[in-house]
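Undergrad: Got a structure here, written out as structure tokens. Questions coming.
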Amino acid sequence: LSAVESIPADWYTRPEILALEHERVFGQHWQYVGDASLVAEPNSYMTGRLGAMPIVVTRDDAGVLRGMVNVCRHRGAVVVDGCGSRKTLQCRYHGWTYRLDGTLHRATQMSAPEGVRLPQISVTAVGNLLFACAAPDAPDLEVVLGQFLEQTRDVAGVDIQRLELRQSIDHEIQANWKAVVENFVECYHCPLIHSVTLPGYGGEGYDVEIQETTQTQHMESDRFNFLFLFPNTQVSVYGNSSALIARALVPVDEKRTLLTLDYWFHSDVSAEVEKELVEWFETVVGEDLPLCESVQSGVSSGGFERGYLHPEQEAGPWHFQRLLSAALTD
Ligand code: FES
Ligand SMILES: [Fe+2]
């Protein structure tokens with residue numbers, strides 16, 4: 001099998017590439033954001049990020065769910081943090097207030113131009129997994145995730161509607177977000193790195209399927225199913241523990257990435273099963289992260305221009321790099 005050329009090493013190190021990615025990649029696609037049960041009740045809000053963009057998701061008193069850019073129209077401060085129960089959102093800087101539909105309620109001691117409001121973005125909850133997209137023409141998420149949702153039900157036997165978020169664990173990784181994405185969308189390294197934690201992964205019966213902006217990977221014998229949603233959302237489903245692990249890989253800067261692992265379980269899963277699954281997955285991730293950091297030091301070293309991918313074993317990174325290149329070089 002002949003190798004495929006990978007993207008250039010300096011795409012992992014140049015701040016101007018990350019700036020372009022924020023505009024053309026993170027600003028354009030659906031991303032996992034967090035737990036929609038935080039906005040289950042009327043008059044509630046929660047916050048999150050789409051790449052660099054702070055967002056706020058609200059449920060108004062009529063029960064309508066909305067997403068907005070969480071940046072004040074006055075001078076650009078972040079309006080609200082965390083989550084809570086409120087009828088209006090007050091910016092902490094000079095106190096401008098917004099209604100839960102994003103329209104301006106009051107500008108402190110002045111009048112703002114007509115129509116000033118927090119810009120709207122698209123939000124969708126799949127069960128209680130919350131996704132957001134800042135593109136004006138966001139595609140229907142349930143359609144985008146169709147194959148993954150089917151396999152989650154049929155291969156893993158997990159019912160997304162019955163999941164609840166039990167734990168969130170943060171990791172700050174000293175690597176560009178793309179090095180982290182790529183690590184988690186190939187199992188070429190699995191036999192060498194995860195021989196004990198993931199026996200059989202990456203071999204016979206491990207299937208990778210590429211769709212337009214998604215990939216699914218599954219292994220029936222382990223009731224395992226995986227989603228990669230371009231650019232940075234990854235979801236692993238482990239049917240044997242009725243568990244789903246969701247995360248968006250958020251760039252901190254061009255050489256650091258925040259990985260928050262959200263551990264969801266069927267509501268009847270015991271604390272013991274939960275603990276075992278979390279400890280095991282944290283061990284797997286602990287095997288991966290030093291390798292992502294090693295790639296970052298290599299691509300930053302001046303001694304590497306670009307590499308080569310295995311066209312089948314690394315169909316995942318190859319697909320990711322094709323979508324990324326198309327977005328950056330158009
Ligand atoms: S920046 Fe929000 S009120 Fe001034
Ligand atoms: Fe790995």
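The values are calculated or read from the model by the stated rules, or taken from the named source; none is laboratory data. No experiment lies behind these values; they were computed from the predicted model shown. Please note: Cβ atoms are built from the backbone with ideal geometry, for glycine as well, and neighbour counts cover all protein chains shown. Please note that ligands, DNA and RNA were not included when accessible areas were found on the heavy atoms of the full protein model with its side chains. Shrake-Rupley method; radii C 1.70, N 1.55, O 1.52, S 1.80 Å.
Undergrad: Taking Cα atoms of the range 116-231, Rg/Rh with Kirkwood Rh, to two decimals? Can you show the working numbers first?
TA: On the way: Rg = 16.5 Å, Rh = 16.5 Å.
Using only Cα positions, Rg/Rh for the range 116-231 is 1.00.
Undergrad: Hey, another quick one. So how strong a dipole does the chain carry about its Cα centre when Lys and Arg Cβ are +1 and Asp and Glu Cβ are -1, to the nearest 20 debye?
TA: Its charge dipole is roughly 1720 debye.
Undergrad: Can you list, largest first and rounded to whole Å, the semi-axes you get for the chain by taking the square root of 5 times each eigenvalue of its Cα gyration tensor? Please report the intermediate quantities before stating the final value.
TA: Values: eigenvalues 243, 124, 56 Å².
Calculated on Cα positions only, the semi-axes equal 35, 25, 17 Å.
Undergrad: Dividing the convex hull volume of the Cα atoms of the range 1-92 by its residue count, what figure in Å³ per residue is obtained? Show your work: numbers first, answer last.
TA: Numbers: hull volume 13.5 nm³, N = 92.
That works out to 146 Å³ per residue.
Undergrad: Sticking with this structure for a sec: Helix by helix through the chain, keep the DSSP H runs that span 18 Å or more along the axis on Cα and average at least -0.5 on Kyte-Doolittle, and give those back in order. Could you put the intermediate results ahead of the total?
TA: Details: long enough: 271-299 (41 Å, 0.09); 315-329 (21 Å, 0.27).
Passing helices, by number: 271-299, 315-329.
Undergrad: I need the Debye-formula profile for the range 60-136: one equal scatterer per C-alpha, no solvent, reported as log10 I(q)/I(0) at q = 0.18, 0.20, 0.24 1/Å, two decimals.
TA: Values returned for q = 0.18, 0.20, 0.24 Å⁻¹ are -0.76, -0.92, -1.25.
Undergrad: Compute the distance in nm between two label points, each set 7 Å from the Cα along the Cα-to-Cβ direction, one at residue 270 and one at residue 111.
TA: Distance between label points: 6.7 nm.
Undergrad: Could you please state how large a percent of the accessible area of the chain is carbon and sulfur, counting protein chains only and using a 1.4 Å probe? Intermediate values should be presented prior to the final figure.
TA: Details: 7270 of 14840 Å².
Reported share for carbon and sulfur atoms: 49 percent.
Undergrad: What is the Cα centroid distance between the range 64-103 and the range 258-302, reported in whole angstrom?
TA: Computed from Cα coordinates, the inter-centre distance equals 33 Å.
Undergrad: Over the alpha-carbon set of the range 104-184, divide Rg by the Kirkwood Rh and report the Rg/Rh ratio to two decimals.
TA: Details: Rg = 19.3 Å, Rh = 17.1 Å.
Reported Rg/Rh (Cα atoms, Kirkwood Rh): 1.12.
Undergrad: Compute and list, largest first, the equivalent-ellipsoid semi-axes of the range 184-230 from the alpha carbon gyration tensor, each √(5λ) rounded to a whole angstrom. Could the numbers behind the result be given before it?
TA: Working: eigenvalues 75, 27, 13 Å².
Listed largest to smallest, the semi-axes of the range 184-230 are 19, 12, 8 Å.
Undergrad: Let me ask you something else. So if each residue of separation counts as 0.36 nm, and I subtract the Cα-Cα distance between residue 78 and residue 221, what length gain in nm does that give?
TA: On the way: separation 143, 0.36 × 143 = 51.48 nm, distance 4.67 nm.
In short, 46.8 nm is gained.
Undergrad: At 0.36 nm per residue, and after removing the present C-alpha to C-alpha distance, how many nm does the segment from residue 14 to residue 150 gain when stretched out fully?
TA: On the way: separation 136, 0.36 × 136 = 48.96 nm, distance 3.89 nm.
Here the answer is 45.1 nm.
Undergrad: When the scattering of the range 212-281 is computed by the Debye formula from its Cα atoms alone, each counted once and equally, what is log10 I(q)/I(0) at q = 0.11, 0.21 Å⁻¹?
TA: Values returned for q = 0.11, 0.21 Å⁻¹ are -0.32, -0.94.
Undergrad: How much accessible area per residue does the chain have, in Å², with a 1.4 Å probe? Display every interim value, and only then the final one.
TA: Numbers: 14840 Å² over 330 residues.
Here the per-residue accessible area is 45 Å².
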